[in-house]
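First up is the structure itself, then whatever we jot down about it.
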Amino acid sequence: MENQFEKLCYRLSLLLIGLVVLSSLFVSCKDDYPYDNEEPEWLGKSIYDYLVSNGDYTNFVKIIDDLDYKEVLARTGSKTLFVANDEAFQRFYKNNRWGVSNYNQLSTAQKTLILNFSMINNAYLIETLSNYYDGTLQEGSALRRVTAVSALDTIPKLSGNQLPATKYWDSHREKGLYLMKDNSDWPLVHLLQKVLDFNGISNSDFKVMTGIDRENGDAHIFSDKVIKRDIACKNGYVNVLENVLTPPSNMAQYIRTQPQLSEFSKLLDRFCAPYYDASNTLKYKKIHPDFADSLFTMKYFASFGGTSQYPSGATIPTDYLLPFDPGWNSYTYQYGSLQSDMAAMFAPTNKALDAYFNEGSGRALKERYGSWDNVPNDILQLLLTRHMRESLVNSLPGIFYKMVDSKGSEIKASASDIVDSLNYIGLNGLVYVTNKIYPPDDYVSVYGPVLFSKKTTVINWAIKKYLYHLYLNSMVNSYAFLAPTDEALTCYIDPVTYGSSHPAAIKFWYDASPSSQSVKATIFSYNKATGEVDYNDPITTVTDEDFIKSRLVRILDQSIIVSDFKNSSGSYTDGYYVSKDGNIIKANNVSGIGNNVTYNCTFQGGNDIKTGASVSIPDSGIYHQKNGTTFMVNKLCQTPFQSVYSILSDSADYPSFYKFFKICNEFPNSNVFVRKSNNYGIDYDIKFFNTFRYTVYVPTNEAIDQAYKDGTIVTWDYINSITNQTVKDSLINKMERFVRYHFQDNSVFIHEGQPIDQLYQTATIKNDTKDTYFNTYQNKFYRIRVKSNTSGGLDLTTETGETAHIDTSKGLYNILTRDYIFSLDPTSISSLTSSTYTQSQITTSSTAVIHQIDKVLKFE
């Protein structure tokens, strides 16, 4: 469509000129029409005749003659030709990649490439090359245009030692093969003023891209300047270049030929293979009847422009595919066209790759694999994808600071990273050669050490399966990731069974068999009294996806600490930290963490604190990543099995909680503690908890007695004795609001490294317009101010302006709890092999910390 349109425009222009000349005949005094027997002088000579008559293009004319193309360029068609004069050819013979030193050494294939690549099969003025037609005329945006080169113009036979050193090429290593590096069209790249202006390419950008200083108005074909332009001939236009134009390589080919990029090229080679090309083999045999071999095309494993099948026909997994084929000559941007854009690649030098692997942040990568050769393709693909850009227009030096990858993460390239002298404009894109690499977020985030480690197969599978890498790779926040090794995941105490008569431990393991390649869960009996697991007698293996997901997701959530184990100034600080799901992890001795040094730091979940256990870090188990710290742990931090109910009701261990518990437990309609079909937990849950973290302030028994005495509250015996239901309901409501004011949103802790001074909401809503100490509005929740005091405890100021205190001397503070909600009643589990259990799930949970206070809290 485009060719027909532009050819028509060219011919119409000639016609219009002819009409102007013809019109002069009507006012001429001459009787004879002068063009009956000759062509008008204004048409000029043919392209061929112009080149011959000029005398400076003898080499180019010889090529035309030798290829029997004189008739075409002397008489017919409409062409645009980019030629070089004899002086340029003399420079070419002294230095060229073909190794020829004179005309006679040029092969027919080389002559064909010079001619066909210099020729466009339509007539264009230089600046109209910037326009193209795709249904409407697109002005000024065309960077490329297809030349007359055919993929069959040159078919080299490569020997075995010239082939990539991967298994896909081994069957051809002995005999070699005839290989097309690509079987698509070969475009010309024209960098013209209109194109540069349209795409915002400045002269300084051009300098970085090509290494060439340009002036406004200059025109370049690839990196060659047009020194004479728009020489009109009767069958097209001639433009003269400063150098002989030979077809550049595509990006992949260029990288393969540069010694400084040999390591990066080896990485790319792992994603390509030869594919038999039946169609082009047949065409080639028609052109060359004596040819009795086969043609192959090099294709890259890529989701766009490449192939998604191995030569065997097997499907290539998506995480083994590059974003596009870097050897695709006719690369077409999926949101544009062949003319309007091309690709770009950032190719790090050997030195840059070596520095990253041995000296930089690639320590975890090296520890795991030892060398680039051993890095698996699915992990390598992440790195290569980060360095492959689908749009040159969106990858210009002037906007490097804006560049993001396909996941929206900043690349942070700089013009100072570019080795200008090695940059290259290829058929399908621009290669920026860099002195550094741009590792993907997967490498530099807290996920990186897990991705690389051979000890984290299970959790790595879960991170990918449940898309947690998107969370862990975020550079907006910082994290601490207590990454559980496979050893840690051999003992997960299943909270679903903890309140049943069949407590169980789960061993998660990865089944690598081709038919599975997934995580399974083997169930063992767990002794709550001794804490021992009977690994000698496995009960069953569960494969139910929902069963496994509900537990692995909980493990991940309780292993991720938002903001790392650091204070507001960015220093590692001991204390209590909130995990992604609201669980609490206590960090000990982290203030001494240095680079790759543990300093005996340990971590504890709520149950660990209760039992005196802790999780330590193995040697070299700390990784300082770009968005936080990864701690490899061989044991899970055990979160609480005790609920708020179980603590408050435990009169043996916590007798001073008894009277507050009694108030909560005797509500007639289960207003506080609940256990029903949609709220099954280990025992009873708090009714108004909602998948969050809370603080529960428990007044002493003496404080409750004082509240009865001063009329703040009344006893349940009194309430139950009232016969007037309205009065009774009013008193019940008052008791509920009293209790709820002792339940606070957000967990607060007593720790010398984490002082507090903040207002928090409670669970009691203000339903009147009376003034309060904190000026809380109607229909908002009443608040409490919590502030650390000089004696190591906390002071609580209420809406009445009164103050209660947490006394640490009795040890009744920082008591951690977790209220679970399960898909079933744990007491209904009759056997660990029953479907009741093997299809069970952890629905959600809420956490709370309990502190004893010396007074009741009042909001009015």
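The values are calculated or read from the model by the stated rules, or taken from the named source; none is laboratory data. It should be emphasised that the depicted structure is a prediction, and the values quoted were computed from it without experimental measurement. Because the Cβ atoms are built from the backbone with ideal geometry, glycine has one as well, and the counts that use them run over all protein chains shown. Heads up: the accessible areas ignore ligands, DNA and RNA and are worked out on the full protein's heavy atoms, side chains in. Shrake-Rupley method; radii C 1.70, N 1.55, O 1.52, S 1.80 Å.
Amide H contacts of Leu794 (H built 1.01 Å from N, in plane; Pro and chain starts excluded): Asn789, Ile806 sit under 5 Å, all sequence-distant by 5 or more or on other chains. Across the range 433-452, the residues whose backbone nitrogen lies under 20 Å from the label position 7 Å along the beta-carbon direction of Lys580 are 440-452. Restriction of the GluC sites (Glu not before Pro) in the range 353-399 to DSSP coil positions whose beta-carbon has at most 13 other beta-carbons within 10 angstrom yields Glu359. In this simple spin-label approximation, Asn669 and Phe688 carry label points 7 Å from Cα along the Cα→Cβ vector, and these lie 1.3 nm apart. Rounded to the nearest 500, the 222 nm mean residue ellipticity of the chain from helices alone is -7000 deg cm²/dmol, with -39,500 (n - 2.57) taken per DSSP H run of at least 4 residues. Taken per residue, the accessible surface of the range 639-740 reaches 47 Å², heavy atoms only and a 1.4 Å probe. Once the Cα-Cα distance is subtracted from the 0.36 nm per residue extended length, the Lys626 to Ser279 segment shows a gain of 119.9 nm.
Using a cutoff of 8 angstrom between alpha carbon atoms and counting only pairs six or more residues apart, the relative contact order for the chain works out to 8 percent.
Subtracting the Cα-Cα distance of Ser202 and Asn394 from 0.36 nm times their residue separation leaves 67.8 nm of extension gain. Dipole check for the range 687-844: with +1 at the C-beta of Lys and Arg, -1 at the C-beta of Asp and Glu, and the Cα centre as origin, the magnitude is about 360 Debye. For the range 206-310, lysine pairs with C-alpha atoms less than 22 angstrom apart, excluding pairs fewer than eight positions apart on the same chain, total 5. Here r is the Cβ-Cβ distance between Ser101 and Leu137 and R0 is 45 Å; the resulting FRET efficiency, rounded to 0.05, is 0.45.
Placing +1 on the Cβ of every Lys and Arg and -1 on the Cβ of every Asp and Glu, with no other charges, gives the chain a dipole of roughly 800 debye about its Cα centre.
Surface composition of the range 550-595: carbon plus sulfur atoms hold 39% of the accessible area, using a 1.4 angstrom probe and ignoring ligands, DNA and RNA.
Surface analysis of the range 392-467 yields an accessible area of 35 Å² per residue, using protein heavy atoms and a 1.4 Å probe.
Under the convention that each Lys and Arg Cβ holds +1 and each Asp and Glu Cβ holds -1, the size of the dipole of the range 725-803 around its Cα centre is about 260 debye.
Model label points for Glu359 and Leu759, set 7 angstrom from Cα along the Cα-to-Cβ axis, are 5.5 nm apart. The mean of 1/r over all distinct Cα pairs in the chain, once inverted, gives the Kirkwood hydrodynamic radius of 33.3 Å.
Between the residues Phe673, Thr712, Phe692, the greatest Cα displacement towards the positive end of the dipole of the range 666-715, with unit charges on the Cβ of Lys, Arg, Asp and Glu, is found for Phe692.
Taking θ as phi - 60° and the Karplus parameters 6.51, -1.76 and 1.60, the scalar couplings of the range 831-846 work out to 7, 6, 9, 6, 5, 4, 7, 5, 10, 6, 9, 8, 7, 6, 7, 10 Hz in sequence order, x denoting glycine and proline. Counting only DSSP beta bridges with both residues in the chain, what percent are antiparallel, rounded to the nearest 5? Within the chain, antiparallel bridges account for around 75 percent of the total. Legend: calculated FRET efficiency, Gln778 to Asn724, from the Cβ-Cβ distance at R0 = 30 Å, rounded to 0.05, equals 0.60.
Remark: for residue pairs Lys351/Lys626; Lys45/Lys111; Lys464/Lys549, the C-alpha separation exceeds 20 Å in Lys351/Lys626; Lys45/Lys111.
Excluding same-chain neighbours fewer than eight residues apart, the aspartates and glutamates reachable from Lys465 by a Cα-Cα span under 17 Å are Asp319, Asp378, Asp442, Asp486, Asp511, Asp544, Glu545, Asp546, Asp557.
Element breakdown for the range 188-282 at a 1.4 angstrom probe: carbon and sulfur atoms account for 49% of the accessible area.
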